[in-house]
Structure formats: C-alpha cells, structure tokens
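Chemist: My questions will all concern the structure given below.
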Amino acid sequence: MPRPKLLYEDVVDGIRDRNVQWRFRNAVSDDTDAWFEGSYGHSPNNERMASNMAGVREADRMVLELIEVGAAAGPAVAKGLRMQGRWREHLLPFASRFSSLPEVRDALELVARRKRDPVRWDARCILDEG
C-alpha cells in the first residue's frame, strides 16, 4: 500500500521538478539555432533557456509559499532535504528560517554529515547559526 503524502509534499516535488526536469540548451546545434534565428526570427536554444529560468523563478516563488505556511511545511521540506541534488538549495531559505523544527534540524544534520553533498556546507552554516 502506498504511503500517504505529507502535507505540502506536492510543493516540494514541484520545486524539484522545476529544477531537475530542464530542457537542455544543446538539444539543437549552434548552426541549426543560428539558421532558425535567421530564417524564423527566434532561437530554440534561447527559448529553452528562458523556459528553464522561468521554472527556477517559479521554484523560488514556491519556496516563499512554504515559508509563509510555516512549520506545517516542515516535514515535507525535511523530506526534500534528505534527497540528493543541488536543487535542494531552493529549500535552504526555509531550513534557515525554521531550523529549530526537529525534523528540519535532523535533515540538516544528515546533509551536513554527507561527505560529497553539494549543499553540505550550507547545511553546516545553518546549523551553526541556529
């Protein structure tokens, strides 16, 4: 039986999706991109990057939503922090603000112990502040 989703887990998943599911810029060669731009007045590569950046801005907005929600989003953010990847940098403002929550603190301590975690030092700084 599947486990029930945490409150606000969908928001954390959305933040992850907007950072992990990028459409890569090099899907069209530079020559083809230049041809499109000259022939049709638009660049597929620039459109992809604009789409990716719009996703990052949306992820930043979603984190602000979680901060407004407050402690109720703590378990979902802690779950996100325990995952892997640089996308978790978006969760750090919440973690910094609510580092006193036990589940967030435990997740930060786990991240800080990981030797090759890309947000390890950020987690340590948050723990040292709190």
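Chemist: Can you tell me which residues in the range 41-85 are not in a helix (DSSP H, G or I) and not hydroxyl-bearing (Ser, Thr, Tyr)?
Modeler: Those that are not in a helix (DSSP H, G or I) and not hydroxyl-bearing (Ser, Thr, Tyr): Gly41, His42, Gly70, Met83, Gln84, Gly85.
Chemist: If I filter the range 96-105 down to residues being assigned to a helix (DSSP H, G or I) and under 19 Å from the mean Cα position of the chain (by Cα), which single residue comes out as surrounded by the fewest Cβ atoms within 10 Å (Cβ to Cβ)?
Modeler: By that ranking, first place goes to Arg97.
Chemist: Given the residues Val63, Val56, which is the only one that is surrounded by 18 or more Cβ atoms within 10 Å (Cβ to Cβ) and of a type in the set (Val, Ile, Thr)?
Modeler: Val63
Every residue, every condition in (1) surrounded by 15 or more Cβ atoms within 10 Å (Cβ to Cβ); (2) of a type in the set (A, V, I, L, M); (3) touching a Pro at 6+ places or on another chain (Cβ under 9 Å), yes or no:
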| site | (1), (2), (3) |
| --- | --- |
| Arg16 | yes, no, no |
| Ala34 | no, yes, no |
| Ala71 | no, yes, no |
| Arg88 | yes, no, yes |
| Phe94 | yes, no, no |
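Chemist: Additional query: Report, by residue number, each residue of the range 9-66 that is out of contact with any Phe, Trp or Tyr (no Cβ under 7 Å at 6 or more places or on another chain) and of a type in the set (Ser, Thr, Tyr).
Modeler: Ser29, Thr32, Ser39, Tyr40, Ser51
Chemist: Right, here's the next one. Give the residue, chosen from Ser96, Ser43, Ser51, Ser29, that is within 26 Å of Tyr8 (Cα to Cα), at pLDDT below 95 and of a type in the set (Ser, Thr, Tyr).
Modeler: That would be Ser51, the only listed residue that is within 26 Å of Tyr8 (Cα to Cα), at pLDDT below 95 and of a type in the set (Ser, Thr, Tyr).
The values are calculated or read from the model by the stated rules, or taken from the named source; none is laboratory data. Just so it is clear, the structure is predicted and the values come from calculations on it, not from any experiment. Don't worry about glycine lacking a Cβ; one is built from the backbone with ideal geometry, like all the others, and counts go over all protein chains shown.
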